[in-house]
Amino acid sequence: RAAFENYCRTTAKRYKGKVDLFQFWNEPNGCSWIRDGCSNGDQFEEYTKWLKIAYAALKEGNPDCTVCAAALDYNEGVKEGYKYIEGMYRCGARGHFDAISIHPYHPEGLHWQAVDDTYRVMKENGDADKGVWITEYGWNDSKGEGPAEKLRQVLSKLCSKQYSFVTMANYLCVT
């Protein structure tokens, strides 16, 4: 724990003014957390424990940095990803992040239900003032047909008043 705290604090301090946005982990509910085999959907307690440690240390190193939680795998096949976020709140995550991130992949654009459910849980827990980050989205189109139109539709919807709580969206494009 001490080594991890030192790493977070030192990193935030060293890169202050150059890197002020931090995301703690990537898809802790999926394939990249504790268990092999992508079976981490129930590990919100362990994740939240380390999120709280990371948040405190990063803020100690740079009080002005932004710390984003989760980056949950919340694609169209994950029907109740919001339950992981609810579990984080039950374990005391409130006050230990500045935004929550999701990966709402869907072949036709975004998994909009994931976006809506994430924000609903945040509002229910008093965090309506915090943003939802979409740190990965995109789609596989091996024929190259339609990506530009899908991107236009997604961006238009994200720019609407309805989704003003989405404060970051990163289109993942690998060619």
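The values are calculated or read from the model by the stated rules, or taken from the named source; none is laboratory data. Given the structure is predicted, the values throughout are model-derived calculations rather than measurements. Cβ sites come from the backbone with ideal geometry, for glycine too, and all protein chains shown count toward neighbours. To get the accessible areas, we keep the full protein, side chains included, count just its heavy atoms, and leave off ligands, DNA and RNA. Shrake-Rupley method; radii C 1.70, N 1.55, O 1.52, S 1.80 Å.
Results, tabulated for the structure shown:
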read-out	value
Total formal charge among the other residues, if their Cβ is under 11 angstrom from that of A69, Lys/Arg +1 and Asp/Glu -1	+1
Extreme residue, positive dipole direction of segment 20-175, given options G138, G95, N62 (C-beta unit charges)	G95
Qualifying trypsin sites (Lys or Arg not before Pro) in segment 1-100, DSSP loop, other Cβ atoms within 10 Å at most 10	R1, K18
Given charges at beta-carbon only (K, R positive; D, E negative), |dipole| of the chain in Debye	620 debye
Nearest-ten-degree value, helix 2-14 long axis tilted from longest Cα axis of the chain	70 degrees
At R0 = 30 Å, FRET efficiency that the Cβ-Cβ distance of W112 and F4 yields, to 0.05	0.25
Sulfur and carbon atoms: percent of accessible area, segment 39-117 [1.4 Å]	47 percent
Top of G146, G92, G61 by mean-square fluctuation, Gaussian network on the chain, Cα under 10 Å	G146
GNM top mover of T135, T66, T11 - the chain, alpha-carbon springs below 10 Å	T11
Between 0 and 90°, nearest 10: helix 112-124 axis offset from the chain longest Cα axis	40 degrees
Computed FRET value (nearest 0.05) for R120 with E149, which takes r as the C-beta separation and R₀ as 35 Å	0.75
Counting DSSP beta bridges with both ends in the chain, the antiparallel % (nearest 5)	10 percent
Extension reserve of the S164-K83 stretch, reckoned as 0.36 nm per residue once the Cα distance is removed	26.9 nm
Spin-label zone in segment 2-41 - amide nitrogen under 13 Å from a point set 7 Å from the Cα of E60 along the C-beta vector	2-13
Lys/Arg +1, Asp/Glu -1 at C-beta; the chain dipole; positive extreme among T11, H106, S39	T11
Inverse mean reciprocal Cα-Cα distance (Kirkwood Rh) of the chain, Å	16.8 Å
Counted charge near E136, where neighbours are those whose Cβ lies closer than 10 Å (Asp, Glu -1; Lys, Arg +1)	-2
GNM flexibility winner over the chain from G126, G41, G81 (Cα, springs under 10 Å)	G126
Accessible area (Å², per residue) of segment 1-148, counting only protein heavy atoms and a probe of 1.4 Å	49 Å²
Computed helical MRE - 222 nm, the chain, DSSP H runs ≥ 4 contributing -39500 (n - 2.57), nearest 500	-12000 deg cm²/dmol
Under 11 Å, Cβ to Cβ, from K83 - net charge with Lys/Arg +1 and Asp/Glu -1	-2
